[in-house]
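The values are calculated or read from the model by the stated rules, or taken from the named source; none is laboratory data. Everything numeric in this text was worked out from a predicted model, so none of it was measured. Glycine also receives a Cβ, built like all others from the backbone with ideal geometry; neighbour counts cover every protein chain displayed.
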Amino acid sequence: MSKFLHRWLTVSFLNLLLVAVLGFILRYKIEFSLPFIEQKYVLHSHSHFAFAGWITQTLMVLLIHHLALTHGEQILKKYRWLLYANVVTAYGMLISFFLQGYNYLSISFSTLSILVSYCFAIYYWKDLNRIKENKVSSLWIKAALAFGVFSSLGTFGLAYMMINRLTDQNWHLANIYFYLHFQYNGWFLFAGIGLLVSRLEILYKSVKNLKFAFLLFCFACIPAYLLSILWIPMSAFTYGIIIFAVIAQLAGWFLIIKFWITNKDIVNKQFSKHGKILLFLSGTAFSIKLLLQTASVHPALSQLSYGFRPIIIGYLHLVLLAVTSIFIIGYIFSFELIAVTKKIKMGAYIFIAGILINEILLMLQGVAALIYNVVPHINLMLLVAAVILFTGTSIIFLSMLKKQYQ
């Protein structure tokens, strides 16, 4: 089991390093000349590989490990080919998007990636059904799988528009945000909470209370998508549904925080010191995300936020880096799924420092954009943040690679 985890998590952190490299190239090209590289191609490569190669790949590894704790290590052979398939499609998107952007090859790899996620969802759902106990964690994970599959409708919508040469900007953005929403508010979020809850099943009576939190998040997830397309005119009834979704998510998050505080003594025994710190940072970032989401319900704020690119980029980085990536590393540290050496800890905290600096700078850039102002040397400072992110991921990966050889 430890060899399986270390090998595949080493691949995951290599992928995170490559995401950081692409992020550095994007920032470098904004500040300095790099004429032989197409910015749009690098952006597509960066985003697709971050989703498939880093976050999805790592969540799949962690979920397979969770399943192996119940079904035994023989289950690993069943999923190994899916991990290889996901890596191949992720690297296919990385290279094809980087070289040529959207073309038949990159779209083919994207489609294959979706098919791999379908296979994983079907296999995993069936194996979860083999667990006799009615675990609350299984509800979260099943919802994660379902929302992951559901998110693909957004990519098929984009494909339909490309085939039929439809150029409606609103529908184009609606399909993109459909995919993004059900990835990070569905697949990523529910899988992460499911993994956490699975580690606390020993608190059976208390964990049962989290079933209500699950129901709140689950029923809110679909209508919460409307928050992503508030620029489209909506009726008062539709706004009422949006407000319900916002309140439901806030209430669900409150129940999770209350559970954590109420059972802090047992939680302290279950989680490592550094793991708790990282999970706290991730939880704080998620709280900020929910507050920003709540504020965006106001029509004026919504129009402002969706009208300025720095704000959109800052929000996406908040979710994908500050919430999801820190959570993944925190979960791995909490249960020592890898040998957490001093160098790996140092790399993780450098990486987190890069995330915090990046978010602060993007926030300043976004606020300045709202008042039609420019922060002096902001692109250079963002480039420095990208270097810090790259440095942190390099230390983690090289430390893990050294341990792998040992």
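Mind checking which residues of segment 302-311 are surrounded by 15 or more Cβ atoms within 10 Å (Cβ to Cβ) and either in a helix (DSSP H, G or I) or modelled with pLDDT of 75 or more (or both)?
Within segment 302-311, S302, L304, S305, Y306, P310, I311 meet the criteria.
Looking at segment 132-147, can you tell me whether even one residue there is farther than 16 Å from I55 by Cβ, within 21 Å of the chain's Cα centre (by Cα) and β-branched (V, I, T)?
Among the residues of segment 132-147, not one is farther than 16 Å from I55 by Cβ, within 21 Å of the chain's Cα centre (by Cα) and β-branched (V, I, T), which makes the answer no.
When you scan segment 387-397, do you find a residue that is more than 19 Å from the chain's Cα centre (by Cα) and over 29 Å from N185 (Cα atoms), even just one?
There is at least one residue in segment 387-397 that is more than 19 Å from the chain's Cα centre (by Cα) and over 29 Å from N185 (Cα atoms).
Can I396 be described as in a helix (DSSP H, G or I) and outside the structural domain of W8 (by TED's automatic domain parsing)?
So I396 passes the test.
Is one or more of the residues making up segment 155-175 touching a residue at least 24 places away in the same chain (Cβ under 8 Å) and either of a type in the set (F, W, Y) or within 17 Å of F286 (Cβ to Cβ) (or both)?
Scanning segment 155-175, I find no residue that is touching a residue at least 24 places away in the same chain (Cβ under 8 Å) and either of a type in the set (F, W, Y) or within 17 Å of F286 (Cβ to Cβ) (or both), so the answer is no.
One line per residue, one yes/no per condition, for (1) outside any helix (DSSP H, G or I); (2) exposed (fewer than 14 other Cβ atoms within 10 Å of the Cβ); (3) among the β-branched types (V, I, T); (4) in the same structural domain as Y184 (by TED's automatic domain parsing):
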| site | (1), (2), (3), (4) |
| --- | --- |
| S228 | no, no, no, yes |
| I232 | yes, yes, yes, yes |
| A251 | no, no, no, no |
| W260 | no, no, no, no |
| L279 | no, no, no, no |
| S282 | no, no, no, no |
| A285 | no, no, no, no |
| K289 | no, no, no, no |
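Quick one: is S152 polar (S, T, N, Q), in contact (Cβ under 8 Å) with a residue 24 or more places away in the chain, surrounded by 14 or more Cβ atoms within 10 Å (Cβ to Cβ) and farther than 30 Å from I25 by Cα?
Spelling it out, it is not the case that S152 is polar (S, T, N, Q), in contact (Cβ under 8 Å) with a residue 24 or more places away in the chain, surrounded by 14 or more Cβ atoms within 10 Å (Cβ to Cβ) and farther than 30 Å from I25 by Cα.
Within segment 120-211, considering only helices (runs of 4 or more DSSP H) that don't extend past its boundaries, which have at least 1 residues that are farther than 22 Å from L290 by Cα and at pLDDT 85 or above?
Counting at least 1 such residues, we get 136-163, 169-182, 189-198.
Just one of the numbered conditions (1) of a type outside the set (D, E, K, R); (2) crowded, with 19+ Cβ neighbours inside 10 Å; (3) out of contact with any helix residue (DSSP H, G or I) (no Cβ under 7 Å at 6 or more places or on another chain) is not true of L356; which one?
(2)
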